[in-house]
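Contents: one structure, followed by commentary.
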Amino acid sequence: MHTENMENNQKARLALILKTGRLRLWFFYPDTRQYCYLSETGDYERKYNPAEFCQQFHRDDIERMSGIIYDICDRKQENAKIDMRSRAEREEDCRHYEVAVSVVSRDENGRPTSLMGIQHDVTETFRREEKIHQLLMRYHTIFNSSILDMLYYDKNGVLADINERACKTFNVKNREQVLNGNFHLQYNPFFDQISLKGMENSRTSSIVNFNGLDKDVYRQDEFGLKGKMYYESTINPIRNKNGELEGIYMAGRDISEMVESYHRLQEGVRRLQQGAESIRQYVANIDYALGVSHVQMVNYYPRDYTFEIVNREAHSKLRLSQLRCIRIATPRFRRTVNSVLNRMDHQTKHGIVQAIETEIRDKKGRQIWLLFNMVPMLDAEGRVERYFGMYRDITDTLETEQRLAVETKKAQETELLKQAFLTNMSYEIRTPLNNIIGYAGLFTDKHDEDDEQYFVEQIKQSTNELLLLINDILYISRLEANMEEYKREEVDFALFFESQCQMGLKTTKPGVMPVVNQPYNSLVVDIDMKHVAMIIQRLCTLSCQSTTHGSITAGYEYRRGELTINIENTGTGFSAEDLAHVFEHFSRNAKGEMIGSGLDMPIVQLLTRQMNGTIDIQSDYGKGTSIWVSIPCTASVIEKRIGA
């Protein structure tokens, strides 16, 4: 009874540990290929076969985990870790696990007899990291693409980040030098009167005469600013839940030109009564400029739950209810909009920056993305009266960034392919060229005159190989540059096919039976005869090279607007590993032997694709290979042979 109580206590402790650590244990038995989970009470659950066990995980992850289990069973590794996802219809319902697999027991020969998997639920950690990543990406996009000066100071008041617009405003020539220069908030002449202690959200307007800044702390030698600058900014301290300062976000703009223009207008008002109309026109022009640049000013009033779009004169242009705001957003962003509105309804004193995809479409039919930047406006008692901000259309920016990412990836892939092609091409050209140079050099050494004929034959053979190789290199370069022209014409393929097969099969080795199947008396189709002939001849020649016994069979069939050509042989074939590289340039297997014939299969593949066709290959190592090429075309005459 005492032993049973100890065992129950151990199981209870194990269950508590598993539950607390969000862990599950399962075991795998290689002999029976069965899985078994350890229950929350510490007992074994029922056994699962592989199919049942796999139902709870994502298909791609199961394949990777199966590979790891097989490697451990084959003693290729002792243990391993893998990240896995649960199977779910929606991405947000998917759970994430970190699974550690190790050997529990072995037989007398060291072969694993049972494996243990420790399944750790890391969903919350994964989602938290994903959310942090998205927030950082959103921050950098907003920060760097803003049309305003953006500065960020850390909790100690030291400059931590500055966008390009601010660098231009403050004449910063070396951004990294400024960021690494311990530039403090109190040494910024626009904000040197602001104390970190008790800092609140505020808007400031400053006038600084840079000609009068003679103190070294302002580091005028780094910036070289001259004259007077009028500057307008918004200061947003960022605090944690305990009210402690985490950083300071500032957005501003140089309004010197605007202020000077206003002064000139004021002088004009004193001289002429018509100045008032000029000022109104000037403000209207600014409003128009903001409209052209897709920037709008907005207000949100928490008391009556109303969102308002205003012009530069603070006149309301459009008022929206909360429900209309939510419905304007696409379904996947409606929850986000609702969350932002709730934060403003609860009168948060933190600034709000959010990008939203809307149901509104532009002239190009694209769904418009809007970037909102809202700050709270406080009354005399420090309560939030409304939220003021701006939004702008960032659709073009996002689309450009996406295109740049795609084009960058394409350029990288192209560069890798080009380098690999040049490396292989250099090696393949040097081989026959070295043969030519070697045999030509033998003529200058002591040699038997009877050998000269052999030297000449070898030089001729290597020269022909080099010429064919260079022709193929030039031709595939032309294909890859899309410089080849294709012209369709009607041709009786029944007559055309057999003659092209005979030309390709003329190098058939002794003991190999060439067979050309002719299922039609007449088949008139519109195809590019020149390029289709090249495909047939190259495939037949390749079959002759790899077939030393048995047969080579060529045939074709027209079905549903496609002409399908089939070449089969009983040659050496390809292994599964080599078959994956058969369309690569000068690809070789682990033994250094050429897979295919260098450029023939890549040329056939490019020709087929550029004629909007498809190519497929099946091979069994040591038994033979079958190749199918299908090319879309239209048949005007179809006359099948009887019995074909």
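The values are calculated or read from the model by the stated rules, or taken from the named source; none is laboratory data. These numbers were taken from a predicted model, which means no experiment stands behind them. Positions of Cβ are generated from backbone atoms using ideal geometry, with glycine treated the same way; all protein chains shown enter the neighbour counts. Note: accessible area is taken over every heavy atom of the protein model, side chains too, but ligands, DNA and RNA are not part of it. Shrake-Rupley method; radii C 1.70, N 1.55, O 1.52, S 1.80 Å.
Miscellaneous remarks
- R319 being among the charged types (D, E, K, R), modelled with pLDDT of 90 or more, farther than 24 Å from M250 by Cα and exposed (fewer than 15 other Cβ atoms within 10 Å of the Cβ): no
- Looking only at residues in segment 69-127 that are β-branched (V, I, T) and not in a strand (DSSP E or B), the one that is nearest to F28 (Cα to Cα) is I69.
- In segment 536-577, the residues that are in a helix (DSSP H, G or I) and out of contact with any Gly (no Cβ under 9 Å at 6 or more places or on another chain): A576, E577
- Evaluating N163 against the criteria (1) open to solvent by 40 Å² or more (accessible area, probe 1.4 Å); (2) in contact (Cβ under 8 Å) with a residue 12 or more places away in the chain; (3) not charged (D, E, K, R) leaves one unmet condition, (1).
- The set of residues from segment 345-384 being farther than 15 Å from V295 by Cα, in a strand (DSSP E or B) and without any contact (Cβ under 8 Å) to a residue 60 or more places away in the chain comprises I352, E357, T358, E359, I360, R361, Q367, M377.
- Of all residues in segment 211-240, those satisfying the criterion of being within 22 Å of V158 (Cβ to Cβ) and either modelled with pLDDT under 80 or among the acidic types (D, E) (or both) are L213, K215, D216, V217, Y218, R219, Q220, D221, E222, F223, L225.
- Residue count, segment 473-520 (criterion: over 33 Å from the mean Cα position of the chain (by Cα) and either open to solvent by less than 100 Å² (accessible area, probe 1.4 Å) or closer than 16 Å to T541 by Cα (or both)): 31
- If you go through segment 246-296 and keep only what is modelled with pLDDT of 80 or more and in contact with a helix residue (DSSP H, G or I) (Cβ under 6 Å, 6 or more places away or on another chain), you end up with just D254.
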